[in-house]
Amino acid sequence: MHFDLTVWAALTAIGVGFAAFWSNPKRGINQVFLTLSLHTALWLFCLGNALGVSGPSGQTWLRITSAVGAFIPLHMWFTKESITRGAERFRTTVWRSLPWFFVCLVFAALTPTEWFVATGSSREAHGFGWGYYAYMLGVIGVYIALCQQTIMQIRRQSGGNRLELQIVLIGGSTAAGTILLLMGLRALLAEPWLIRLQPVSVIVFYTGTVVAMTTSRIFDARQILLLALEKIMLIGVVAVVAYGTDAVLITLLPETFAFVATTAIALWFAVTLNGWLDRVLKFYPQATAARQAAFAVSRRETRVESLEKAFLEIFKGWGQTDHALLVSGTKGVLRGGGVELPEDCTIAKSLRQLRWATPERLARERPTPERAVLAKFLADQKLGAIVVGEGPTLTVLVGVGVAASRRPFTFPQVTQLLELASIVESALERAHFSVKAQRAEQLATVGVLGASLAHEIRNPLVTIKTFVQLLPKHHQDPVFREKFFHLIGEEVTRIDRLTEQLLDMAAPRTYSAQMTDLHPVLGASIELVAAKAADKRIRVISDLRANPDRVCTDATAAKQVLLNLCFNAIQAVENREGERWVKVATQNVPNGLEMTVEDSGPGIAPEIRPRLFEPFQSTKSTGFGLGLAICSDILAGLNATITVDPPAPGRGATFRVTFPCQPFSS
């Protein structure tokens, strides 16, 4: 049975070694791991024979097992050198290994002698000599020297080499220390079963070390230790609490109820303790802060440019770097940060397949031409990690520069970056949708204005036509000529102003707040809707009493908001009986100026009011219900607000827009 265990452990070691080699045959550390796996498998095979055979043959296999194990420190030294020096210096590494080889050879030479194990001793009662203890102490000394040298080299390394040396140091030292501890306890306590735990310890620590160094997922050795420490503490403390709780409750309650109560208390305590340990050990504090900041930016900003700028600052802070890249696109081209990529380029395709990439991952995995292109892109952009986030219409690439500490990004950090990229993708997609919706609403507003403007333009044209027809008869009349030229100039200026306002409304805009006199803007907007309101026999009342009227906003944005509100008000009252009117008023309020748009319509239905400023909320038979949502987004980007008064009997709807009087920073 014990022989079978060692055989399975040996086969596992061989399988792990070939898997590491197959993942990237050209990588030096993977080649060394294959040879180390074969060496470990040979040692396990010999150990299985030493445990499974009694008499002189068992003693012989014990000597062979110890001799094979004596050279494992040499192989560990080669592993360390392959990380720090690389495969290109293999010849120099061989010459440097000669002192280690001779030391291991001395210990191996002790194993066939009587000083190691006395002839005639049995498996149950080995006669260990001074050579056996010298062998153990010597091998321990070699491992200590190897650890000391590795620690010194760790201080001189950076990036992935530093992490890999830490993993080798922890994994190798733990495995070797466990084996030697079991050998020592077996000799001191004369318990043969202790030696049978060696295959399990070897395969656990060895497999963990190889996987951590060859998988595409990079791990921080210190983080692994902290996590292991947390879990050990959690299990130990919860076990003690559960044991004590059960001992107390069993005296007070029936056995079944005591068991259920103990389980509930232990689970509650485990959850509480786990949260406390996370806070004390401070697992990924940057991730929590970055996530909260990303959500805050998503709620606060509505413009694409502002979102991208804020997200880049978050990525720099999260990655502790001075460089970050955000590339996004919706129409076949990804742009951002001075980078322009076709959506179906090799880089984008590779990232969609991998979801994330770091220079360390691309170096560990089997090379392909596509991944070589991606690796070159990372090097050219000086990125330490890049991830992709995809939504229904938007693709986002998020890259973070190499950290100031030069440490590579670990897999837990990559997972955090993927989560941040998802937040970014959602926020940008919403912002792009908002821009498109604003554009559609703008064009819809222009369409509504068309009829009114045609009427407004027709009046001056009729006047001009009449004077032109009379001009031949009254050409000699100086009073007529003066009046004609004066009127022509005024009417042409009026037409020009109307067409400019129409084109201004139709043009796409990126709104930017600046100090503006609001009343002239509102007056021009009221002129645009006056004709439409007059055709429907609706009075437009203007009460612009605010003094001063200077606010910090975008004139076109204020015009767009007022037109949307006025057209909504006209549609609300056009089918009403009795007096029909729309009123636009302004007044000064603390730290701002308030504009109100009030109508004599039926008011806002109670069931609609809580969702009034959300998209697709409408009580009209036409339209998409985007107008008020767009107004809210526009004003939020300009640090202004829009609210609606609570319903009151006999009153229509009253919307209040408050503009700031001082400049603000996003």
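Computed from the coordinates by the stated procedures, all read-outs in this text should not be read as laboratory data. Note that the structure is a prediction, hence the values are computed from the model and not measured. All Cβ positions, even for glycine, are placed from backbone atoms using ideal geometry, and neighbour counts span all protein chains on display.
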Checklist entry - Between rounded, prolate and oblate, where does the range 285-428 land on the alpha carbon gyration tensor, with a ≥ b ≥ c its root eigenvalues, rounded for a/c under 1.5, else prolate if a/b exceeds b/c? => result oblate
Item to check | Using a Förster distance of 56 Å, the FRET efficiency for residue 233-residue 344 (Cβ separation, nearest 0.05) | outcome: 0.65
Checklist entry - Which loop-located GluC sites (Glu not before Pro) does the range 563-610 contain, where loop means any DSSP state but H, G, I, E or B and the Cβ has at most 10 other Cβ atoms within 10 Å? => result 577, 579, 607
Checklist outcome for this item: Summed over the other residues with a beta carbon less than 15 angstrom from that of residue 422, with K and R at +1 and D and E at -1, the charge totals 0
Checklist outcome for this item: Of the listed links 26/80; 532/583; 231/316, those spanning more than 22 angstrom between alpha carbons are 231/316
Item to check | Karplus-derived 3J(HN,Hα), 6.51/-1.76/1.60, for each residue of the range 568-573, Hz, glycine and proline x | outcome: 4, 5, 4, 5, 6, 10
Checklist entry - Using 0.36 nm per residue, how much length does the chain from residue 535 to residue 644 gain when fully extended, once their Cα-Cα distance is taken away? => result 36.5 nm
Next on the checklist: Please report the net charge: other residues with Cβ closer than 14 Å to the Cβ of residue 518, K and R +1, D and E -1.
Outcome noted: -2
Item to check | Two-site label geometry, residue 465 and residue 322: point separation in nm, points 7 Å out along Cα→Cβ | outcome: 7.0 nm
Checklist entry - How many nm separate the modelled label positions at residue 273 and residue 353, each set 7 Å beyond the Cα in the direction of the Cβ? => result 4.7 nm
Next on the checklist: Report the gain in length on full extension from residue 588 to residue 22: 0.36 nm times residue separation, minus Cα-Cα distance, nm rounded to one decimal.
Outcome noted: 196.3 nm
Checklist outcome for this item: Averaged over all viewing directions, the convex hull of the alpha carbons in the range 511-666 casts a projected area in nm² of 9.1 nm²
Next on the checklist: Using a 7 Å offset from the Cα along the Cα-to-Cβ direction at both residue 296 and residue 415, what is the distance between the two label points in nm, to one decimal?
Outcome noted: 2.5 nm
Checklist outcome for this item: Shape call for the range 227-281, from the Cα gyration tensor axes a ≥ b ≥ c (a/c under 1.5 means rounded, otherwise prolate when a/b beats b/c, else oblate), comes out prolate
